[in-house]
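S.K.: Sharing a structure with you now.
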Amino acid sequence: MRTPAPRRRTNVASREAALRLAAATTGITVGLTVLPAPARAAFALTAARVVHRPSPSADDVAKSKDEVRRKAEEVGRAKAQLAQADGEQDRLAVAAETAIERYNGEQVKLQRSQQAYQAAQKRVSEAEQRYADAQRQLASFAADAYRQNTGSDPWAAVIAGEGGPQGFMDRAGMVEVLARRRSEAVKHVETSRIVANVFRRQAERAYRDQQAATRRAEEAKSAAQRILEQQKAVVARVTDQKRKLEQSLGAARARSADLARRREAALEASRAR
């Protein structure tokens, strides 16, 4: 006497499915009555396609899940690449900042060495001028002494000059002393000039070396900035790639979920029959 029970449940499920179909059909029919003729035709064609769309198989659902898994792995790899690229960008940014600071420091050193070189050049010019003046003064002194002590006739100056021959000798001795002192002064000025030239050469060499160091620092700075910009482009590319992969993953998940729902609905409908 309990055997007919499953038939009643089956009949009830069938009636419920029929009622849902009738309600849906009635709703669609009522909705279609308010649409223009072209829209009703397009809707009918779409509905027909939906109705006749085959239900997904278990293999379809499994393949969609595999696709989701594969795309999720791709997204994971892209995230790892992006994290690595971000880290490299941070490292390069620090290196570029260090290179810029070094270049700025070399620029300051270059300015100082240039100022030192210019100052050394000025000292040399002044020493050269003092040396030339001392030489002219010595030559002028010698010429004046010669004229005053000898005149146009040296023998007459010796015999008839003030004090006679002894006076001449005294004057000549004084002139010699003064000439020696002036000569020593010239030598002292010449020594100062030589020392100034030594410092000038050293300053010039230091200035050239600093110019080379500054050029190297500038090249290093430019290279670091160029590499940093390239890395930024890599980060942007990986970021865009990750975004596209995430969008593709989202679409794959939606498709897989849709296939699973349709598969479950088809199985439920099959069990209801």
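S.K.: Report the FRET efficiency, 1/(1 + (r/R0)^6), for ASN104 and ARG237, where r is their Cβ-Cβ distance and R0 is 45 Å, rounded to 0.05.
M.R.: Here the calculated transfer efficiency is 0.90.
S.K.: Report the normalised scattering of the stretch 185-273 as log10 I(q)/I(0) at q = 0.11, 0.14 Å⁻¹, calculated by the Debye formula with identical scatterers on the alpha carbons.
M.R.: These q points yield log10 I(q)/I(0) values of -0.70, -0.81.
S.K.: Could you sort 119-132, 78-91 so that the peptide with the highest average Cβ count within 10 Å comes first and the rest follow in order? Walk me through the intermediate numbers first.
M.R.: Working: 119-132: 15.9, 78-91: 14.3.
Answer by packing, highest mean first, reads 119-132, 78-91.
S.K.: Pairs to check: LYS122/LYS221; LYS109/LYS232; LYS122/LYS187; LYS221/LYS244. Give those whose C-alpha atoms are more than 28 Å from each other in this structure.
M.R.: Those over the limit are LYS122/LYS221; LYS109/LYS232; LYS221/LYS244.
S.K.: Residues of the stretch 180-218 with amide nitrogen under 16 Å from the 7 Å Cα-to-Cβ point of GLN114?
M.R.: 204-218
S.K.: Same structure, new question: If we count every other residue with Cβ under 13 angstrom of GLN129's Cβ, Lys/Arg +1 and Asp/Glu -1, where does the sum land?
M.R.: Local charge sum for GLN129: +1.
S.K.: Determine which residues of the stretch 246-273 fall in the zone a paramagnetic label at SER55 would reach in this model, i.e. backbone nitrogen under 14 Å from the point 7 Å along Cα→Cβ.
M.R.: 259-273
S.K.: Further, regarding this structure: Pop a pseudo-label 7 angstrom from the Cα along the beta-carbon direction at both LYS122 and ALA93 and give the gap in nm to one decimal.
M.R.: Distance between the two pseudo-spin positions: 4.5 nm.
S.K.: Please report the orientation-averaged projected area of the stretch 92-135, defined via the convex hull of its C-alpha atoms, in nm².
M.R.: On the way: hull surface 10.6 nm².
Taking the Cα atoms of the stretch 92-135, their convex hull projects to 2.6 nm² on average.
Read-outs throughout are calculated quantities, based only on the coordinates presented, and are distinct from any laboratory measurement. The structure displayed is predicted, hence computed values, not measured ones. Counting neighbours? That spans all protein chains shown, and the Cβs are built from the backbone with ideal geometry, glycine included.
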